[in-house]
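The values are calculated or read from the model by the stated rules, or taken from the named source; none is laboratory data. This one's a predicted model, so the numbers in the text were calculated from it and none came from an experiment. All Cβ positions, even for glycine, are placed from backbone atoms using ideal geometry, and neighbour counts span all protein chains on display.
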Amino acid sequence: MITTSGLTKVYRARGREVTALDGVDLHVREGEVYGVIGQSGAGKSSLIRCVNLLERPTSGTVTVAGQDLTALAGRGPRAGKELRRARSRIGMVFQHFNLLSSRTVQDNVELPLEILGVSGRERSRKALELLDLVGLADKAKVYPAQLSGGQKQRVGIARALAGDPKVLLSDEATSALDPETTRSILQLLRDLNRQLGLTVLLITHEMDVVKSVCDSAALMERGRIVESGTVSELLATPGSKLAGALFPVGGEATGEDRTVVDVTFHGESATQPVISQLSRTYNVDISILGAAIDTVGGLQVGRMRIELPGRYEDNVVPIGFLREQGLQIDVVGQEPVLVKEGAK
Ligand SMILES: Nc1ncnc2c1ncn2[C@@H]1O[C@H](COP(=O)(O)OP(=O)(O)O)[C@@H](O)[C@H]1O
Ligand SMILES: [Mg+2]
């Protein structure tokens, strides 16, 4: 649904050049919620603004719903109308809502429809329908100043949906909201994704956001995507930074001459019988340093950190046994040599 290839953005300001995007290849599938996470300055906003051509990319291409937007933008003023139409199919939600304070809630939602030249009666019908969808049917006639932050963002979302978009872009939509309101807005985005089949690309600096709603995620650092995949692919990738952050497991090694192993399992499988079998078969004392079960992106995941006596070299056979059981094994402090071993 969204593809960028070799996307580059260089800002030139007062004789200085800042490379905000440095060859970004992004693939967002139809119907998924895709999260891009990264620290401030990583280039996340530049990416999302280039995806809807609010910002003109320096090079590279952006394709949304099969349409090459960069080619349209490059055709000059005569393609303007086509580009505007393509863009109306991409909704955008902002951190600070960007509502017009002099307009009622309903008139804010109608604004993009006015620009598209939709008739007054149809605009009104559509706006009320959308306000109902986001749970604000009773707020149509009030002004933004009378709303809470969460309600303002609901208006922002209703406005973003006015052009019946196939894609919703969200730039830190929950960053100005408290945790409880954040949860309700994320739930709304998830519901819209499911009910309308809407593809959502969201940008955040908060791992919890990715964890609660995303099907796929990418990690951005200094204008590049350094890791990406579906949540289950990431969790099954040894050494993945995103997986570690999405699903941390505590527990420190107790001394030298010890091998610490993270055992990850998905869905139904359980580690407990395997661990006791390992202990019996190889006659080793296994310490459990930490364990956690969590739901990540709607997926049940468990992880256990165990410690075996002896160095890694001494434990190749028991570790091999664990891998044979179909469990994902990450030896802590060991380079991930066998990428994808144990992955589903
Ligand atoms: N309009 C601009 N002019 C010059 N530099 C910019 C502009 N917008 C962003 N930048 C720079 O580009 C880099 C990436 O910024 P941004 O895309 O906003 O990152 P993020 O959203 O991840 O915080 C930063 O170094 C930022 O200072
Ligand atoms: Mg930003």
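Residue-by-condition table, conditions (1) under 23 Å from Gly41 (Cβ atoms); (2) modelled with pLDDT of 85 or more:
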| site | (1), (2) |
| --- | --- |
| Asp164 | no, yes |
| Gln195 | no, yes |
| Glu206 | yes, yes |
| Ser212 | no, yes |
| Glu221 | yes, yes |
| Ser228 | yes, yes |
| Lys241 | yes, yes |
| Gly251 | no, no |
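Please work out which residue is surrounded by the fewest Cβ atoms within 10 Å (Cβ to Cβ), limiting yourself to region 42-84 and to residues that are at positive phi and either in contact (Cβ under 8 Å) with a residue 60 or more places away in the chain or among the basic types (Lys, Arg) (or both).
Ala65
Looking at region 155-184, which of its residues are in a strand (DSSP E or B) and surrounded by fewer than 22 Cβ atoms within 10 Å (Cβ to Cβ)?
Val167, Asp171
Restricting region 59-118 to residues that are out of contact with any strand residue (DSSP E or B) (no Cβ under 8 Å at 6 or more places or on another chain) and among the basic types (Lys, Arg), which is farthest from Ile203 (Cα to Cα)?
It comes out as Arg78.
Yes or no: Ala127 within 25 Å of Ala65 (Cα to Cα), among the small types (Gly, Ala, Ser), more than 16 Å from ligand 1 (Cβ to nearest atom) and in the same structural domain as Phe94 (by TED's automatic domain parsing)?
So Ala127 passes the test.
Do we find that Ala218 is in a helix (DSSP H, G or I) and surrounded by 18 or more Cβ atoms within 10 Å (Cβ to Cβ) in this structure?
No; evaluated as a whole, the condition is false for this residue.
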